[in-house]
Amino acid sequence: RKVSDAEKVVTELSNSTALAVKLDVSRESDWMSLALLIKDTYSKLDVLVNNAGLFYQAPLEETSLETYQKLIQTNQVGIFLGIKYMLPLLKESKKASVINIGSISSFAPLDNTSVYAATKASAIAFSKALAVELGKYGIRVNILHPGGIHTDMGCQMESFLTCISAHR
C-alpha cells in the first residue's frame, strides 16, 4: 500500500530490475501509464497479479451505494483494467500468467459481508471466462481464494479470530 515499502523490497532484491510504482487500480490513467512504463522498460510482461482489494463488513441495509461502488471499483474494475491494459504486454510473453486474488468469502462468507463477497465472487466468473478467451494466446488465468490473512485489512474482520479459533 505504500510506495516506500515497495521501494525497500526492490532495494533488498540484489541484481533486480524491479520497479516500485504507485498505482490506484481503479484509475484507468494509472494503468495506461504503467503499461507504457513496462513496455519501455521490459517490452513484455510475464506475470500479472491482481492483488488489490478492499474489505467491508456491515449489514446490507447499512451499506451506502457510494461504499458499494467503491468496492466494485477496486475489487472488480481494478481487475478488468489491469488485464485490459496489460494484455498487449502479456501477449508478447511466450508463457504469460494472470493471477487474480479472490476471497474465500466468495464460498464461505462471514456475517455481514454480502457486499464484499459479491464483489470478490465476480472475479471467479471473470477469471474463468478470461482463461478461455486468453488461452489461445498462451496466457493462463487463475484465481486464488485466500482465507483470513493477518494484514491491516484482515484485522478489520470482526469474525477473523473467531473463525480461526473455531477452525472454520
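Ignoring ligands, DNA and RNA, how do Ile143, Ile104 rank by accessible area with a 1.4 Å probe, largest first? Could you put the intermediate results ahead of the total?
Working: Ile143 40, Ile104 70 Å².
Descending order: Ile104, Ile143.
Quantify how much of the Cα-Cα distance distribution of the chain extends past 30 Å, in percent. Spell out each step's value before the answer.
Details: 3170 of 14028 pairs.
The share of Cα pairs beyond 30 Å in the chain comes to 23 percent.
For Lys44, the aspartates and glutamates whose Cα comes closer than 20 Å to its Cα, not counting residues fewer than 8 places off in the same chain, are Glu28, Asp30, Glu92, Glu133.
Measuring between their Cα centroids, the range 49-94 and the range 1-42 lie 18 Å from each other.
For an R0 of 35 angstrom, estimate the FRET efficiency from the Cβ-Cβ distance between Glu12 and Ser64 and round to the nearest 0.05. If you can, show how the numbers build up before the last one.
Numbers: r = 41 Å, r/R0 = 1.17.
Between Glu12 and Ser64 the formula returns 0.30.
Taking the accessible area of the chain, probe 1.4 Å, and keeping the other protein chains in place, the carbon and sulfur fraction comes to 55%.
The heavy atoms of Leu37 present about 70 square angstrom of accessible area, all protein chains included, probe 1.4 Å. One equal scatterer on each Cα of the range 64-127, no solvent, Debye formula: the resulting log10 I(q)/I(0) at q = 0.18, 0.26, 0.27 Å⁻¹ is -0.69, -1.09, -1.14.
The values are calculated or read from the model by the stated rules, or taken from the named source; none is laboratory data. Not measured: the values here are computed from a predicted model. As a convention, Cβ positions derive from the backbone with ideal geometry for all residues, glycine included, and neighbour counts pool all protein chains shown. In case anyone asks, the SASA skips ligands and DNA or RNA and just uses the protein heavy atoms, side chains included. Shrake-Rupley method; radii C 1.70, N 1.55, O 1.52, S 1.80 Å.
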